[in-house]
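Read-outs: derived from the displayed coordinates by stated rules, not from any lab. Keep in mind it's a predicted model, so treat the numbers as computed, not measured. Every residue, glycine as well, gets a Cβ built from its backbone with ideal geometry; the counts of neighbours run over all protein chains shown.
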Amino acid sequence: MVRYALVHSIRNAASLATTPSRSISRLPIIRPFSTSRILALEQQEGKQLLTIQPPLDIEYEDVEDHPKPLLERVRIVPDSQSYFSARPSFTDTFLGVEHLYLKWKVLPRTATPQDTHWTSYDEVRAMTGNEPVPEKRYREMIRMLKDLDNIEPVVMPTEVLRLIDEHKRAFQPNQVKPKVFLVDEWGRSLGVGKRKTSTAKAYLVMGEGEVLVNGKSLTEYFGRLHDRESALWALKITERIPKYNIFALVEGGGVTGQAEALTLAISRALLVHEPQLEHRLLEAGCLFRDPRKVERKKPGHLKARKMPAWVRR
Amino acid sequence: MRPTTTLRRVPALLDDCIVARPLTLRRPGSVTYFSTTSYRYAPPTAGKKKGTGGHGEGPKKGRQTLKIKRDMRVKDATIGTPESRKAFRTRIILENTNANTVPGLDRLTAETAFAKESIGKVFTIPGNHIDALRLMGAFKRTQGWHNYKGPATLIRQETWYIGQRMNEISEAGLGAETTRKVIIGERKSGKSVLILQALSMAMLREWVVINIPECRELTDALTSDYNPVKGTDPLQFYQKQYSATLLDQIARVNRTVLSKIKVSQSHTLPIRNLGQMNLHQLAEHGAAELDLAWPVFQALWTELTAKNDPEVVEKFGKRPPVMFCADNISYIFGESKYEKLAENDKLVPVHTFDLLLPKHYIDLLTGTTTLPNGGIILGATSSSHYITCPPLDVAIEMGQERLQYPDEKLEVNDFWNPLVKIDRRVLDQVINIDVLPLKGISKEEAREIIGYWALSGLVRDRVQDNYVGEKWTMSGGGVIGELEKAVVRMNLNGGT
């Protein structure tokens with residue numbers, strides 16, 4: 001099948017775009033750079049000529065009328081540069097991106113750049129069957145993709161969206177939002193906390209100050225007063241202990257870890273009920289996950305850092 | 001500038017360099033973690049010190065051998081004999097002269113102790129009861145009596161309940177019922193203090209009071225001897241020493257009550273003029289002679305449980321109801337530390353049911369033997385120093401279920417863990433025991449007792465609703481021992 005040169009499609013698309021036609025009409029026509037003879041001709045004469053794909057899909061309708069056979073009259077030029085390349089798959093991808101980049105250069109961009117994560121260099125190489133892709137070309141492609149990604153969402157063409165989807169990573173870290181907990185239909189709020197190897201889940205409900213931890217009373221579960229105070233620290237500093245009932249589930253780790261995991265869980269659950277307490281809880285250090293953990297043992301050491309005793313041979 | 005001039009200017013230059021900086025405790029934007037460890041307040045580490053010849057370091061330069069310094073700290077010298085040290089360690093102090101006298105505190109009397117309005121109020125224990133209770137071992141060392149001006153106690157819902165039963169039994173007279181309860185509850189929930197209150201209230205009603213303060217002493221083979229009773233199968237044992245001590249305690253504590261009752265029956269005891277004796281004299285005889293202790297205890301019990309028929313009452317005096325309490329009862333439901341020779345010439349442990357004194361109490365607690373004149377039998381479990389007793393646990397669990405669903409028929413198999421070895425002899429005996437669960441006190445009761453502590457000068461905060469509520473929660477919903485720990489003991493030196 002015979003294809004029109006890129007120029008033609010750019011013109012058509014520009015008129016189809018949703019941006020005001022007035023601004024588009026003033027813009028110069030953008031032509032892709034080409035060293036092939038046909039495109040150069042077309043640029044000279046301002047005509048729309050045909051480019052021809054590699055020899056398979058040629059139509060031979062007018063062959064009989066002409067004294068010379070078609071293949072003697074025309075020089076067959078491949079549609080894509082990748083025909084001459086050692087990395088056809090990547091070149092095709094690159095040209096596809098470049099094509100849309102040039103095509104939609106006119107569209108307005110957002111003021112703040114998007115924070116999209118793109119497929120890595122290694123992934124791109126793997127996708128193209130391990131072709132020898134130069135890193136520079138990869139970076140250039142990503143630059144163009146980033147630019148396309150910044151097109152105002154109102155005028156974002158679907159083909160660009162499709163292209164971005166193809167090159168975006170499946171997992172976008174910036175899209176992950178912390179789960180928002182709300183007070184449920186029974187008036188409970190849920191908070192989750194961790195410390196060392198313990199995890200805790202706390203349900204808070206307006207009440208009289210009753211506490212159940214894993215189905216046991218607070219004193220039965222935490223023998224030390226210290227641990228009980230740790231667990232309820234968020235409520236204690238905000239003077240809310242007699243105002244809420246707590247149902248908590250804790251697991252893993254030891255007593256101290258569980259108590260301090262509960263601190264975090266309860267303060268998060270409390271924030272759902274009373275978001276205005278955030279500052280006080282922050283000041284008290286109740287809203288941060290303490291990242292400290294047991295340091296791993298290293299080879300050559302007796303423990304994490306301890307070295308064997310010195311011996312005289 | 002010439003070098004000398006420069007040198008002269010050094011102090012001025014230094015002055016220029018030093019700029020006063022405001023001292024801030026926290027840098028803005030620094031992250032605070034909630035932590036109870038004290039590392040944040042520790043002084044900055046001084047870097048690695050040079051070796052002083054400790055482990056893991058080589059000898060000093062120029063020295064040929066590695067010398068490790070010995071720990072030269074002098075250990076505390078021990079003072080006195082082991083017995084005197086133990087006596088000092090286990091002494092019970094019931095008074096603190098430095099504590100404030102709480103104004104307007106009423107004494108526990110026959111009127112106040114049993115009134116419903118007394119629930120949630122604090123009363124002092126009458127002076128004449130204090131010695132008796134101390135003699136019976138009802139005060140425990142860890143109950144914190146040493147912090148206050150004098151022993152005082154909070155009448156809680158359960159105390160009032162026991163008082164009610166006491167009233168009913170006293171009023172019923174002939175054919176009065178017996179209340180049997182096993183007091184259960186978590187650690188520090190006030191089980192032993194409830195026994196103390198019950199004993200005190202029984203003394204107010206002029207009952208006969210008997211108390212075994214620690215059942216462990218009956219079975220651990222350390223504090224008591226044991227002697228076989230001939231011709232019994234399985235072989236039974238009686239405990240001379242403990243029986244004598246118990247009789248001594250009974251005689252002293254119940255002196256006024258027992259003096260009014262005369263011996264009404266004939267006993268085969270080698271005591272002269274037994275027929276003219278009163279029960280107090282009988283008990284004293286038993287306490288004085290070890291060999292007579294157990295037979296006298298049996299005789300005394302027969303006398304106490306003789307029916308209050310009108311002619312008997314007229315002639316020998318009225319037998320009052322009996323309050324018999326024991327603490328830490330799990331020790332007497334199973335095998336004791338005593339041993340006997342089995343048929344195959346091997347030593348086997350003696351079952352506590354073959355020890356006559358514990359068995360006597362167990363029969364009363366489980367209703368095998370009855371009290372014709374009524375009485376209350378109480379037993380308290382312990383959660384801090386106890387042995388696990390699966391049959392008792394099963395019975396307690398069933399008792400709790402029975403409290404909750406009185407009409408339901410319970411199957412033992414539903415409470416029995418088949419993987420745990422269970423003593424059928426014990427289980428059959430205890431299966432129907434009634435339990436009296438102790439939970440935390442109410443917030444009103446908590447406010448009252450915290451008020452008492454505050455007036456004694458032991459609370460630093462203001463006793464307000466929020467404070468009371470906070471401490472109530474911290475103590476697991478008003479577990480009284482934990483409440484005292486959180487309110488009083490935290491303020492005291494060393495937290496004791």
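What the table below lists for this structure:
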quantity	calculated
0 to 90° range, to nearest 10: angle between helix B:356-366 axis and chain B longest Cα axis	90 degrees
Reachable aspartates and glutamates from B:LYS69, criterion Cα separation under 15 angstrom, eight or more residues apart if same chain	B:GLU57
Point-charge dipole on Cβ atoms (K/R +1, D/E -1) for chain B, about Cα centre, debye to 20	4200 debye
Mean ellipticity per residue at 222 nm, deg cm²/dmol - from DSSP H runs of n ≥ 4 across chain B, formula -39500 (n - 2.57)	-11000 deg cm²/dmol
About the Cα centre, charge dipole magnitude for segment B:305-428 (Lys/Arg +1, Asp/Glu -1 at Cβ), debye	400 debye
In degrees, nearest ten, helix B:390-404 long axis to first principal axis of chain B (Cα)	80 degrees
Crossing angle, helix B:240-253 versus chain B [Cα axis fit, 0-90 degrees, rounded to tens]	90 degrees
Candidates per trypsin sites (Lys or Arg not before Pro) in segment B:443-496, loop by DSSP, up to 16 other Cβ within 10 Å	B:ARG460, B:ARG462
Compactness of chain B, expressed as Rg and Dmax over alpha-carbon positions, Å	31.5, 128
Segment A:239-313: chymotrypsin sites (Phe, Trp or Tyr not before Pro) in DSSP coil with no more than 14 other Cβ atoms inside 10 Å	A:TRP310
Cβ crowding within 10 Å averaged over residues, with A:116-125, B:431-440 ranked highest first	B:431-440, A:116-125
Value of relative contact order over segment B:218-342, rounded to a whole percent, pairs C-alpha under 8 Å and six or more apart	27 percent
Between segment A:241-272 and segment B:291-349, the alpha-carbon center distance in angstrom	51 Å
Across B:LYS260/B:LYS307; A:LYS236/B:LYS471; A:LYS103/A:LYS146; A:LYS243/B:LYS188; B:LYS116/B:LYS443; B:LYS262/B:LYS307, pairs whose alpha-carbon gap is larger than 19 Å	A:LYS243/B:LYS188
Ranking of A:ILE241, B:ILE376 by count of other Cβ atoms within 10 Å, fewest first	A:ILE241, B:ILE376
Of the trypsin sites (Lys or Arg not before Pro) in segment A:198-280, those whose Cβ has at most 16 other Cβ within 10 Å and which sit in DSSP loop	A:ARG224
Sorted by Cβ density within 10 Å, fewest first, the residues B:SER118, A:SER267	B:SER118, A:SER267
Percent RCO, i.e. relative contact order, over segment A:85-175, from Cα pairs under 8 Å lying at least 6 residues apart	44 percent
Relative contact order (percent, whole number), chain B, Cα cutoff 8 Å, 6+ residue spacing	16 percent
Residue exposure sequence - B:THR101, A:THR238 - by fewest surrounding Cβ within 10 Å	B:THR101, A:THR238
